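Colleague: The structure's right below; bear with me while I get my questions together.
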Amino acid sequence: MAGIDDILSQLPIGDIAKKLGVDEGTAAQAVKEGGATIIGGLHRNAESADGAAAIEKALENHGGQIDVDNVDTADGQKILTHIFGNDTDAVASQLSSNEKTAGIDFSKLLPILAPIVMGMLSKGTSNAKETSSGGLGDVLGGLLGGLTGNQSGNAQSSGGGIDIGSILGGLGGLFGKK
């Protein structure tokens with residue numbers, strides 16, 4: 001399966017930028033930050049058998065949607081609630097505090113991004129199941145495999161400057177919540 005940067009590079013950054021009213025560079029950074037956080041949350045939830053089963057069922061209902069204008073943001077909000085529990089607002093707030101994505105309203109972006117990411121993952125996990133015996137956690141972990149530890153112990157993208165370890169660590173234990 002492709003890496004996280006490959007998955008996120010397939011997203012319609014120009015359309016997302018227009019929807020958010022920002023330039024494409026800022027939108028691209030926000031999509032990387034938000035997408036990595038969503039995938040990281042899914043990975044944490046997939047560590048339990050019940051969480052993995054729920055995610056696999058949800059992936060069956062999200063087939064490759066990438067049209068930003070037709071995204072069901074109510075569905076996106078439900079996805080986020082399943083991933084982050086009652087801490088969805090805290091996740092958006094933590095992401096919004098990043099100076100690289102200043103001006104991005106993550107409470108608006110994440111419900112747009114969640115169904116798109118699920119659609120992309122749906123296509124990717126279908127392909128991965130055909131070629132691998134690994135579970136969903138392995139697939140999601142593989143996506144996050146491009147993240148490396150830095151000196152402070154935080155995971156960080158080797159290519160895009162995404163400090164997902166800081167984001168995930170700063171959110172505490174919320175990923176275990178349903």
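The values are calculated or read from the model by the stated rules, or taken from the named source; none is laboratory data. What you are looking at is a predicted structure, and each value in this text was computed from that prediction instead of being measured. Neighbour counts run over all protein chains shown; Cβ positions are idealised from the backbone, glycine included.
Colleague: Kindly evaluate ALA17 against the criterion of being free of Cβ contacts under 8 Å to residues at least 12 places away in the same chain, of a type in the set (A, V, I, L, M) and surrounded by 14 or more Cβ atoms within 10 Å (Cβ to Cβ).
Modeller: Taking the combined requirement at face value, the residue satisfies it.
Colleague: Let me ask you something else. Quick check on my filter: what residues within the range 78-99 are in a helix (DSSP H, G or I) and surrounded by fewer than 17 Cβ atoms within 10 Å (Cβ to Cβ)?
Modeller: LYS78, THR81, ASN86, ASP89, ALA90, SER93, GLU99
Colleague: Go through THR26, THR37 for me and flag whichever is under 18 Å from ASN98 (Cα atoms), polar (S, T, N, Q) and surrounded by fewer than 20 Cβ atoms within 10 Å (Cβ to Cβ).
Modeller: Testing whether each residue is under 18 Å from ASN98 (Cα atoms), polar (S, T, N, Q) and surrounded by fewer than 20 Cβ atoms within 10 Å (Cβ to Cβ) leaves just THR26.
Colleague: Examine the range 46-67 for a residue that is charged (D, E, K, R) and part of a loop (DSSP other than H, G, I, E, B), and state whether such a residue exists.
Modeller: yes
Colleague: Restricting to the range 48-74, and then to whatever is of a type in the set (D, E, K, R), farther than 15 Å from ILE116 by Cα and loosely packed, with under 15 Cβ neighbours inside 10 Å, can you tell me which residue is nearest to the chain's Cα centre (by Cα)?
Modeller: LYS57
Colleague: Could I ask something else about it? I'd like the full set of residues that are modelled with pLDDT of 90 or more and of a type in the set (Asp, Glu), limited to the range 1-22.
Modeller: The answer is ASP15, and nothing else.
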